[in-house]
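The values are calculated or read from the model by the stated rules, or taken from the named source; none is laboratory data. Keep in mind it's a predicted model, so treat the numbers as computed, not measured. Note: ideal-geometry Cβ built from the backbone for every residue, glycine included; neighbour counts use all protein chains shown.
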Amino acid sequence: MQLEELSRKIHDNPETAFEERQAADWLSKYLEDNGFTLERGICKLSTAFRGSYGTGRPTIAILAEYDALPKLGHACGHNLIATATVAAGVASKIAVDALGGCVAVIGTPGEELTGGKAVMAERGAFDAIDAAMIVHPGGGNSAAMNTLACQTLEVEFIGRAAHASAEPELGINALEAMIQSYNAINSLRQHIKDGARIHGVITDGGEAANIVPAHTSASFFVRAIDDEYLDILKEKVIDCFTGAAVATGAELKYKWDTIRYAAMINNMTMARLFRDNMKALGYDIPLGGDKFWGGSSDVGNVSRLVPTIQPLVSIAPDDVLIHTPEFAERAKTEDSLRSMLDAAKAMAMTVIDLLGSPDNLAKSRDEFAKVK
């Protein structure tokens, strides 16, 4: 199967978190056809896999993402990430043959909304890894990409139904509690640190205009530039909901997701190697690492365990925003795939830099030990 066909098939058959059966199968088969030993369903996740070429240490992991967004498809370009990952893995075989060690292509499902890598990290997927990398498509270029710590909050208010006109005094308005919570969060936003984000949607707002809403629910993301501030911000957010419950008399119920996206720790030693390799291929990209991208990624959880990079490679102009239908269309073009395959070459070259130079690997480990 050619890489262009692989990318297009994944794009045209979007599968959401932990449902990526076709994508996982196509990627696994491509690796098997190119000499990799495959382990399917690793970490008790049916759509996770590991393809290995070579044995022993050091082991360099290249991570694949292939889940799609609900309704938007591959508006994050995961079809391109997956294709670039397996391409980089196969291109790295020559380095393993000459230098020893191992290259592992690890299929990580459910990056969007569910944090598959966080689950896999807890279940030991990265325990025997010396360094990890993945490249993300976007609207700009950067060898190092900072991401925000993030945790999801599910909230509901329980009130009392009543006729909204005939007997409103007998009701307890759960929707008013949710609206007051939104307003309180809007006020809180003025007084939080730069880079922090709070955003959400109401998933249940009531049944009819002539019924006092007895139930409302919402889903919120709370993000921060580091894990410590995320804990502080979480308490402030809950205070917004607690105050609304007291004001309206509605009962508050909430639950934080057990999965938490950690803030990214960029390994700048590896980022410099990747930047130099992209430069050799004709790309003049900045090192980065000084600004925060407003999103979150479970790659951050991997970066707490091993030296890790997630460079950003441009496939679209700045006015084509990620997580939009326009970006999904961009993710299936030949030009976008060409850029990501160049990034795959740079990843393979970075594997060579790490396997071929004990000094490079030692520097990445020393840096990791100081900042993790």
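Residues that are β-branched (V, I, T) and touching a strand residue (DSSP E or B) at 6+ places or on another chain (Cβ under 6 Å): does segment 291-306 have at least one? Step through it out loud before you land on a result.
Step one: list which residues in segment 291-306 are β-branched (V, I, T), which gives 299, 302, 306.
Checking the rest, the ones that are also touching a strand residue (DSSP E or B) at 6+ places or on another chain (Cβ under 6 Å) come to 302, 306.
Yes, some residue in segment 291-306 is β-branched (V, I, T) and touching a strand residue (DSSP E or B) at 6+ places or on another chain (Cβ under 6 Å).
Please work out if G206 is assigned to a loop (DSSP other than H, G, I, E, B), without any contact (Cβ under 8 Å) to a residue 60 or more places away in the chain and touching a Leu at 6+ places or on another chain (Cβ under 9 Å). Yes. For segment 142-191, the set of residues classified as crowded, with 23+ Cβ neighbours inside 10 Å and hydrophobic (A, V, I, L, M, F, W, C) consists of A143, A144, M145, L148, A149, C150, V155, F157, A174, A177, M178, listed by residue number. Scanning segment 45-60 for residues that are surrounded by fewer than 18 Cβ atoms within 10 Å (Cβ to Cβ) and β-branched (V, I, T) returns a single hit, T55.
Being surrounded by 24 or more Cβ atoms within 10 Å (Cβ to Cβ), polar (S, T, N, Q) and in contact with a strand residue (DSSP E or B) (Cβ under 9 Å, 6 or more places away or on another chain) is the requirement here; does T85 meet it?
On the way: surrounded by 24 or more Cβ atoms within 10 Å (Cβ to Cβ): yes; polar (S, T, N, Q): yes; in contact with a strand residue (DSSP E or B) (Cβ under 9 Å, 6 or more places away or on another chain): yes.
In short, yes.
For segment 1-22, which residues satisfy the criterion of being out of contact with any Leu (no Cβ under 9 Å at 6 or more places or on another chain) and aliphatic (A, V, I, L, M)? Hit for segment 1-22 is M1, nothing else. Against the conditions (1) aliphatic (A, V, I, L, M); (2) touching a Phe, Trp or Tyr at 6+ places or on another chain (Cβ under 9 Å); (3) surrounded by fewer than 21 Cβ atoms within 10 Å (Cβ to Cβ); (4) within 21 Å of R275 (Cα to Cα), L305 satisfies every one except (4). Screening H323 with (1) buried (at least 24 other Cβ atoms within 10 Å of the Cβ); (2) modelled with pLDDT under 95 gives one miss only, at (1).
Considering every residue within segment 191-203, establish whether at least one is farther than 30 Å from K370 by Cα, in contact with a Lys or Arg (Cβ under 7 Å, 6 or more places away or on another chain), free of Cβ contacts under 8 Å to residues at least 40 places away in the same chain and not assigned by TED's automatic domain parsing to the domain that holds L113.
Residues of segment 191-203 farther than 30 Å from K370 by Cα: 191, 198-203.
From what's left, in contact with a Lys or Arg (Cβ under 7 Å, 6 or more places away or on another chain): 198.
Narrowing the set further to residues that are free of Cβ contacts under 8 Å to residues at least 40 places away in the same chain leaves 198.
Now narrow it down to the ones that are not assigned by TED's automatic domain parsing to the domain that holds L113: 198.
Within segment 191-203, one or more residues are farther than 30 Å from K370 by Cα, in contact with a Lys or Arg (Cβ under 7 Å, 6 or more places away or on another chain), free of Cβ contacts under 8 Å to residues at least 40 places away in the same chain and not assigned by TED's automatic domain parsing to the domain that holds L113.
Rundown of residues vs (1) within 16 Å of L341 (Cβ to Cβ); (2) part of a loop (DSSP other than H, G, I, E, B); (3) touching a helix residue (DSSP H, G or I) at 6+ places or on another chain (Cβ under 9 Å), yes/no style:
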residue	(1), (2), (3)
Y53	no, no, yes
G56	no, yes, no
K71	no, yes, no
N79	yes, no, yes
A82	yes, no, yes
V103	no, no, yes
I106	no, no, yes
T114	no, yes, no
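The set of residues in segment 11-42 being within 13 Å of G110 (Cα to Cα), assigned to a helix (DSSP H, G or I) and not aliphatic (A, V, I, L, M) consists of R21 alone. Scan segment 96-141 residue by residue and report those that are surrounded by 24 or more Cβ atoms within 10 Å (Cβ to Cβ) and of a type in the set (D, E). Matches in segment 96-141: E111 only. Does at least one position in segment 59-67 carry a residue that is within 17 Å of the chain's Cα centre (by Cα), of a type in the set (D, E, K, R) and at pLDDT below 95? The answer is no, given that none of the residues of segment 59-67 is within 17 Å of the chain's Cα centre (by Cα), of a type in the set (D, E, K, R) and at pLDDT below 95. The set of residues in segment 21-44 that are within 22 Å of L341 (Cα to Cα) and crowded, with 18+ Cβ neighbours inside 10 Å comprises A23, A24, W26, L27, S28, Y30, L31, F36.
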